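The values are calculated or read from the model by the stated rules, or taken from the named source; none is laboratory data. Owing to the predicted nature of the structure, the values given are computational and were not obtained by experimental measurement. Don't worry about glycine lacking a Cβ; one is built from the backbone with ideal geometry, like all the others, and counts go over all protein chains shown. For accessibility, only protein heavy atoms count, side chains too; no ligands or nucleic acids. Shrake-Rupley method; radii C 1.70, N 1.55, O 1.52, S 1.80 Å.
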Amino acid sequence: MTKRDDILLTDSEELQFLAGDFLVGVSDQQHVQHILKANKGHYYQSPLIGLGSVDLINGDLDRDFVKQQIKLQLKSDNYQPLTVDVDQDFNIFINAEPLTI
C-alpha cells in the first residue's frame, strides 16, 4: 500500500511549518476530508470530484445515497474504499487506502 505525501494543514486549514519550511507528511486522511468537503467543480483538473457534504447536510439525506457517493468520490481520486459507514446522526466513518498508480 502506497501512502501519499503532501503539504500538511492544521484542523483549521492553516499551513503547518517546521523549521521555516512547509511540513510534509502522509496526507491520505487530509485528502479524504477535502474530497468530502469540496463541491463538484472545486478542483479545476478534476471537476467531478467532490461530495459537497455541507450541501448534503442542508438537504434531504439518505444514508445509502451518501455512502454510495462517498465510495464513488474516493474511487475517482484513486482510493480504494474498504469500509464506508454513515450512522443515524450522519457521522461518517471511512477506511480507505490509496491505489498504486
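Keeping to region 1-29, report how many residues are without any contact (Cβ under 8 Å) to a residue 24 or more places away in the chain and in a helix (DSSP H, G or I).
Going through region 1-29 one residue at a time, the tally reaches 1.
What number goes with the only condition from (1) assigned to a loop (DSSP other than H, G, I, E, B); (2) open to solvent by 70 Å² or more (accessible area, probe 1.4 Å) that Gly41 does not pass?
Result: Gly41 fails condition (2) only.
Quick one: Tyr43 ticks every box in (1) more than 25 Å from Leu8 (Cα to Cα); (2) at pLDDT 85 or above except a single one, so which number is it?
Checking Tyr43 against (1) more than 25 Å from Leu8 (Cα to Cα); (2) at pLDDT 85 or above, the one that fails is (1).
State yes or no: is Lys71 over 18 Å from Leu99 (Cβ atoms) and surrounded by 12 or more Cβ atoms within 10 Å (Cβ to Cβ)?
No, not satisfied.
Scan (1) closer than 21 Å to Leu99 by Cβ; (2) out of contact with any Gly (no Cβ under 6 Å at 6 or more places or on another chain); (3) small (Gly, Ala, Ser) for the single condition Gly52 breaks and write down its number.
(1)
Of the residues Val32, Val66, which is on the phi < 0 side of the Ramachandran plot, assigned to a helix (DSSP H, G or I) and touching a residue at least 40 places away in the same chain (Cβ under 8 Å)?
Val32
May I ask you to list pairs of residues, at least six apart or on different chains, whose Cβ atoms are under 6 Å apart, with the first in region 85-101 being in contact (Cβ under 8 Å) with a residue 40 or more places away in the chain and the second being open to solvent by 80 Å² or more (accessible area, probe 1.4 Å) and assigned to a loop (DSSP other than H, G, I, E, B)?
Within 6 Å, the pairs are Glu97/Met1.
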